[in-house]
Amino acid sequence: SKKVYLFIYLHGLEGDVDLQFLLQGGELTKVKSDSWQKKRFYRLQEDCETMWHESSKIFRKNNTFSIDDIDSVRQGRESEGLLKYTDDSLEDCCFSIIFKGKRKNLDLMASSPEEAKLWVSGLEKVITHMDNLNTLHHFLSWIISCMRKADKNGDNRMTLKELKHFLRQINVEVDDTHATMLFEKCDTSRSGTLEGDEIKQFYELLTYREEIEVIYGKYALTDGQMSAANLLTFLKTEQMASWSLEDAENFIEKHEPDQTAKQKKHLTKDGFLRYFSQKEGSIFNPEHQPVYQDMSQPLNHYFISSSHNTYLMEDQLKGPSSTEAYIRALSKGCRCVELDIWDGPDGEPLIYHGHTLTSRVLFKDVIKAIKDYAFKASEYPVILSLENHCSVQQQKLMAHYMISILGSALLTHPLGNEMPSALPSPQELKRRILVKGKRLNKLDAAFNNNNTEDVDSVSEEDEAAEVKESDQKTKPKKSKIKLAKELSDLVIYCKSVHFNSFEHAKEKQAFYEMASFKESKAKTLADNSASAFVHHNMDKLSRIYPAGSRTDSSNYNPVPMWNAGCQIVALNFQTPCKQMDLNQGRFLPNGKCGYILKPEFMRNPDFLFDPNNLTKAPWLRRKTLHIMVISAQQLPKLNKDKPKSIVDPLVRVEIYGVAADRASQQTPHINNNGKCSDECFITCLLFIGFNPTWNRNFQFIINVPELAIVRFEVEDYDTASANDFIGQYTLPFTSMQYGYRRVPLLTQSGGIIPSAGLFVHIMALDN
């Protein structure tokens, strides 16, 4: 069909065996429990973007799911369900589809290993090619998908009724008079339907963007097109890019769709539009996409992406515990995960949230999951933060599991042959797993063979003590636990100690010892002793964790903790929220490897930096940031159950950083109920849900650019209740590109919204 041909054309999958297999489909066994394992037919639909499956539910409205909703496909018995409900002998027949967000995994079993491989390789290929689609192709694919839904009888023609349905699909609300006018303008054959070139004309009317016309017209000075020299002038004048003429020519060769223009080394308007759908035209600096920072400095010189109660999928009281939660956190670049371990039956240690109704997962299963997924997203070290509540016997088993399962990846001895004086670097610790927890003796015992008691008492972890404290009316004495030497010996560079004061830490705390702070304690220190906190974190690691009262797995603001130089700022990764957006933005650069080098003034004691008092820092490079929010493209329809519901969008720009830099400004909302005359109808289309335009200028003073984070949020305005979230994008100030830029939009769970975005102009000037 035309739809399949278009997909194949866009992706270069002509004659692909895997794609043809998916389009043909086949029977798979869906596994939900021991007793619920039923055969269902699955097939990739003709749009190559949607999977269809049969269902036993007669009144089920939707038997499909989008390829875009799939996070990954895992071959083998990699999920808890398949491990629990299928036999070892079926390993090669099993695979799981992992969805984005909170949707449950789909566990499936093919009739043979060969068939399972075809399903996995086919799905992975389609997912990869969908991810690699540039914005323009995503948009084209989305338009075709909406047209297909509107074309009720599937005749590849569009009636007036279908056109109105299509416009609502893409967030455009028009009355019957204007819909008829648009239809008649495109129906040049007067056949009563749109087809062929008429649909092409309709598409061109929809995709007309005045701002692109203006910018392109200013620089298209060679026979109405941009020559390579014209393109270079635009890039240097507007984009502050350091391209050469050869770079401009290479871009035209790669991205110009018109062959005649390409031969002349010219860029047409379509080619210019493609520039903004490539990484070169994005707001995010592509030079910051790979690992580009110095990774040879001590571990404490980096912000480290960190998770709290990693085992939980939902809330802290009765939510499920799962190995899947570890896999998801590690796959997002998280480099410090938490394991809350308790004695289990049959001598097997379990992970769960103590004194609650959360479900339980075997410690050894979690360690296996960590082994498999620790270094898929990043090669840099993973820290296992242990909350140990176990008996000595089960502690010994914990040590055995970590040593036997993690093997050479587990760090069991300090690097080198001599006692170090500082923490090693992420580069030196590549593909190594560190254990954070209590230790019976000093680290130099690893070199001088000092004998230690096989078992001794140590104070309980601060976070565990806080839980007990909250359960009692009076503050209890510091609890002690018995610690097995086997477990103690695995703690090398992250020995947990209690924090007394900065003075005490400076005199007594070794470089490999680190304290954990609950959020309220950390906030008090960050508010009242910020400079001392910054200096403490120049040679020590600090971990911050959410208050025990956050039973809903909500998160605190991580920014003040980063401003104080704290490295391990642990958040509840399972909860989509603004705080997680900030975390995702902070760790977006540097290859999303989970490590971001702190600014020099947070690493060098010669600098006196207090984030709450900037008068002592004349060396700061202050900036004035100018942001013009020009327009948005293809904003998603929020309420799909209400066909006539159209968004009234507004854009908010927020700055996070030191207290002096925090700011927020927003555009007015655009009301879809605004009236427009017949003469300006096409222009009016630009001001409603499909391509709203604002042209609003904002100005911000940025005192500490190195710590500033910029967040764009798009909302649907509501007069009667809180605005609805549409999408957001967050990135460090220092990773922004200047000039005219496209801002992609992400969902609440952090996934990309295909084809949707903002068009902005960015400029930052020295103060």
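The values are calculated or read from the model by the stated rules, or taken from the named source; none is laboratory data. Computed from a predicted model, the values in this text were never measured in an experiment. Neighbour counts are summed over all protein chains in view; Cβ atoms, including those assigned to glycine, are modelled from backbone coordinates with ideal geometry. Surface accessibility is based on the protein's heavy atoms, side chains included, excluding ligands, DNA and RNA. Shrake-Rupley method; radii C 1.70, N 1.55, O 1.52, S 1.80 Å.
Key figures
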quantity	calculated
Subset of region 326-371 [assigned to a helix (DSSP H, G or I), open to solvent by less than 10 Å² (accessible area, probe 1.4 Å) and over 18 Å from S404 (Cβ atoms)]	Y326, I327, A329, L330
Any hit, region 372-383, residues being assigned to a helix (DSSP H, G or I), within 24 Å of G591 (Cα to Cα) and open to solvent by less than 50 Å² (accessible area, probe 1.4 Å)	yes
Tally, over region 420-439, of residues that are touching a Lys or Arg at 6+ places or on another chain (Cβ under 8 Å), part of a loop (DSSP other than H, G, I, E, B) and open to solvent by less than 20 Å² (accessible area, probe 1.4 Å)	1
Of all residues making up region 552-565, the number that are surrounded by fewer than 20 Cβ atoms within 10 Å (Cβ to Cβ) and within 26 Å of I283 (Cα to Cα)	1
Test result for H301, free of Cβ contacts under 8 Å to residues at least 60 places away in the same chain and either buried (at least 19 other Cβ atoms within 10 Å of the Cβ) or touching a strand residue (DSSP E or B) at 6+ places or on another chain (Cβ under 9 Å) (or both)	no
Enumeration of residues in region 503-524 that are open to solvent by 40 Å² or more (accessible area, probe 1.4 Å) and in a helix (DSSP H, G or I)	E503, H504, K506, E507, K508, S520, K521, K523, T524
Of all residues making up region 218-236, the number that are small (G, A, S) and free of Cβ contacts under 8 Å to residues at least 24 places away in the same chain	2
Some residue of region 280-293 being open to solvent by 20 Å² or more (accessible area, probe 1.4 Å), at pLDDT 95 or above and of a type in the set (G, A, S)	yes
Residues of region 618-655 classified as modelled with pLDDT of 90 or more, open to solvent by less than 10 Å² (accessible area, probe 1.4 Å) and hydrophobic (A, V, I, L, M, F, W, C), total	9
Count of residues meeting criterion [surrounded by 24 or more Cβ atoms within 10 Å (Cβ to Cβ) and touching a residue at least 60 places away in the same chain (Cβ under 8 Å)] in region 310-321	2
Residue that is surrounded by the fewest Cβ atoms within 10 Å (Cβ to Cβ) [pool: residues in region 384-408 that are among the hydroxyl-bearing types (S, T, Y) and over 26 Å from H355 (Cα atoms)]	S408
From S277, S307, residue being within 30 Å of L362 (Cβ to Cβ) and either open to solvent by 20 Å² or more (accessible area, probe 1.4 Å) or of a type in the set (S, T, N, Q) (or both)	S307
Considering residues of region 74-100 that are aliphatic (A, V, I, L, M) and touching a strand residue (DSSP E or B) at 6+ places or on another chain (Cβ under 9 Å) only, the residue surrounded by the fewest Cβ atoms within 10 Å (Cβ to Cβ)	L90
Residues of region 598-618 classified as over 15 Å from P705 (Cβ atoms) and aliphatic (A, V, I, L, M), total	1
Filter pass, A261 being of a type in the set (A, V, I, L, M), touching a Ser or Thr at 6+ places or on another chain (Cβ under 8 Å) and open to solvent by less than 20 Å² (accessible area, probe 1.4 Å)	yes
Tabulated pairs, region 190-203, first more than 15 Å from L167 (Cβ to Cβ) and part of a loop (DSSP other than H, G, I, E, B), second open to solvent by less than 40 Å² (accessible area, probe 1.4 Å) and of a type in the set (A, V, I, L, M, F, W, C), C-beta under 7 angstrom, 6+ apart or interchain	T193/M158
Matching residues, region 717-729, being touching a Gly at 6+ places or on another chain (Cβ under 9 Å) and either farther than 14 Å from V651 by Cβ or open to solvent by 10 Å² or more (accessible area, probe 1.4 Å) (or both)	Y729
Matching residues, region 375-397, being hydrophobic (A, V, I, L, M, F, W, C) and under 32 Å from the mean Cα position of the chain (by Cα)	F375, A377, V382, I383, L384, L386
Qualifying residue in region 566-573 (condition: open to solvent by 10 Å² or more (accessible area, probe 1.4 Å), touching a residue at least 60 places away in the same chain (Cβ under 8 Å) and closer than 30 Å to S282 by Cα)	yes
P257 under 30 Å from Q567 (Cβ atoms) and either of a type in the set (D, E) or assigned to a loop (DSSP other than H, G, I, E, B) (or both)	no
Residues located in region 530-550, provided they are open to solvent by less than 40 Å² (accessible area, probe 1.4 Å) and either at pLDDT below 95 or not in a helix (DSSP H, G or I) (or both)	N537, M538, K540, L541, S542, R543, I544, Y545, P546, A547
Checklist (1) open to solvent by 40 Å² or more (accessible area, probe 1.4 Å); (2) assigned to a loop (DSSP other than H, G, I, E, B); (3) over 17 Å from H53 (Cα atoms); (4) of a type outside the set (D, E) applied to R103, failing item	(3)
The lone exception for L245 - which of (1) in contact with a helix residue (DSSP H, G or I) (Cβ under 7 Å, 6 or more places away or on another chain); (2) open to solvent by less than 70 Å² (accessible area, probe 1.4 Å) it fails	(2)
Qualifying residue in region 742-761 (condition: assigned to a loop (DSSP other than H, G, I, E, B) and among the hydrophobic types (A, V, I, L, M, F, W, C))	no
